[in-house]
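To start, the structure under review is shown below, and the notes come after it.
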Amino acid sequence: KEDLGGGLHAGFELASFVGVDNGSSWSDSGGPFWSRRSVVTFGGSFGELYAGRSLTPSQLMALFADPWYWDGSAAQVGWQIQQANYTSTSFIRTNNTVGYVSPKLNGFTLSLAGSAGEKVKSKDFGGSLTYDNGPLWLGVAFDQSHGFFCFSASG
């Protein structure tokens, strides 16, 4: 993240998966090398805009609501149950995404994102609204992909 002055900043994030036991990456099985999050960002007091590959707003909300932060087998069991009837060809991350995350206002944060889709990947649009103030955290989100609509709430 680079400070541009006047309260503005720009940055990037490139995250990949590496199997520490054998050095493999998701790209070894045909996926993109930057398989996690790969975005450029621009932000300020108005919030932050990003473009690239990222979690959908509904999946990001589920990540923050998961007490294990998707780490370990307990998190995977909870993840499978929570997402049992929702199928998306883009799974939990979308390519060619443009998104916005608002600044926190009175505990509320709004997140919106849209993806143009690519080849066999679906067009995707989603959003979330979370409330985080003191010990209370609540969230509601939606995601639409290939005509399927997913609504989730956490607290």
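Taken together, the values in this text are just the output of simple stated rules run on the coordinates, not laboratory data. Please read all numbers here as calculations on a predicted model, not as lab measurements. Cβ placement follows ideal geometry from the backbone for every residue including glycine, while neighbour counts extend to all protein chains displayed.
Annotations
- Label-point separation, Lys123 to Val98 (7 Å along Cα→Cβ), nm: 1.3
- Label-point separation in nm, Tyr131 to Ala10, each point 7 Å along Cα→Cβ: 3.8
- Phe46-Phe17 FRET efficiency (beta carbon distance; Förster radius 41 Å; 0.05 resolution): 0.80
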